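See structure below.
Read the figures in this text as sums done on the coordinates, not as results from a lab. Because the structure is predicted, anything quoted here is derived from the model rather than measured. Quick reminder, even Gly has a Cβ in these numbers, built from the backbone with ideal geometry, and neighbours come from all protein chains shown.
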Amino acid sequence: MRPLLARIAWEHRVRLPLIALFALAWGFLIVTFYAYADTTTQTNFGPEQIRSALRIFGGNWLAIWVGLGAAHPLLLAASCVIAVGTAVRAIAGELEGGTLELVLSRPVERGRYLAAYLVFTLAALAAIALLYGVGAYAAWLIVHPDPGSLSAASLARTAAYLALLLWAIAGYSLLCSAYARERGRALGLATGLTIGLYAWNFLASLVGTLAPFARISPWYWFNPAPVLGGGAFPWSDALVLAAVAVVCCGVAAREFLRRDL
């Protein structure tokens with residue numbers, strides 16, 4: 001597996017460091033901007049009723065900012081270069097390019113080949129999530145924004161939570177790749193699913209009758225602000241995201257091992 005991992009890492013020698021650097025900088029900038037924003041900007045979240053409730057219950061505005069940063073479309077787009085792009089390349093991309101048959105003819109077992117892609121993708125996404133937390137904590141130590149607080153433990157838990165969300169995205173992207181022979185088709189389907197599910201979570205929450213159906217989106221199960229504020233880790237939500245990743249990867253692996261190339 002090591003030669004396969006080395007090959008995949010070499011192919012990502014430029015994009016992965018850039019994405020990792022962006023995640024680090026994004027976490028740092030979110031906290032820094034909060035530190036130098038005025039009070040109105042810091043607490044301008046939603047209707048006045050929500051803001052009043054947060055004040056009464058001692059809302060940690062900084063935790064809300066960092067939580068929104070973790071679910072922001074910019075961080076999502078950067079992470080999906082790996083979560084979607086690499087997962088799609090694993091099967092459909094390599095198959096279309098003709099490199100999959102070449103690699104498997106060495107010979108390399110299909111299971112080992114796919115495992116190498118999974119190990120690299122999941123590890124890279126975990127690193128991106130961790131670096132976001134590292135950037136936010138570094139800014140917290142340097143600028144000490146007020147009001148609000150962050151802790152290394154809460155940021156570590158949030159990084160694990162964010163990694164699970166990214167793993168779920170990678171899981172269904174790999175599933176799209178397993179059932180396609182063309183990279184463009186798999187990439188379009190996985191990207192469309194990601195954008196659609198992200199938008200659906202937002203839109204369904206605005207309509208009372210649709211709110212129960214928001215659960216089909218991974219983002220419904222991702223709410224990092226309470227964790228950042230010192231709350232308990234949401235194990236049930238985390239298990240849902242982990243189940244999506246495991247089931248999708250399992251079905252994709254089954255299809256890949258059985259399909260004709």
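Would you please put 149-155, 88-94 in order of how densely packed they are, using the mean number of other Cβ atoms within 10 angstrom per residue and starting with the highest?
Numbers: 149-155: 17.6, 88-94: 25.3.
Descending packing order for the listed peptides: 88-94, 149-155.
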When a footprinting reagent is the concern and you count Cβ atoms within 10 Å, what order do PHE22, PHE202 take, fewest first? PHE202, PHE22
Using a 10 Å cut-off around each Cβ, can you sort GLU96, GLU182 from fewest to most neighbouring Cβ atoms? GLU182, GLU96
On Cα atoms only, tilt of 235-258 relative to the major axis of the chain in degrees: 10
What's the magnitude of the charge dipole for region 2-258 around its Cα centre, counting Lys and Arg as +1 and Asp and Glu as -1 at the beta-carbon? Answer in Debye, nearest 20. 620
Specify the angular offset, from 0 to 90 degrees and rounded to the nearest 10, of the alpha carbon long axis of helix 110-143 from the longest principal axis of the alpha carbons in the chain. 20
Put +1 on the Cβ of every Lys and Arg and -1 on every Asp and Glu Cβ in region 2-258; which of ALA153, GLY111, VAL207 then has its Cα farthest towards the positive end of the dipole? GLY111
Cα centroid distance between region 208-237 and region 97-173, in Å? 20
Can you tell me the convex hull volume per residue for region 2-258, based on C-alpha atoms, in Å³ to the nearest whole number? 128
Report the FRET efficiency, 1/(1 + (r/R0)^6), for TRP10 and VAL108, where r is their Cβ-Cβ distance and R0 is 22 Å, rounded to 0.05. 0.85
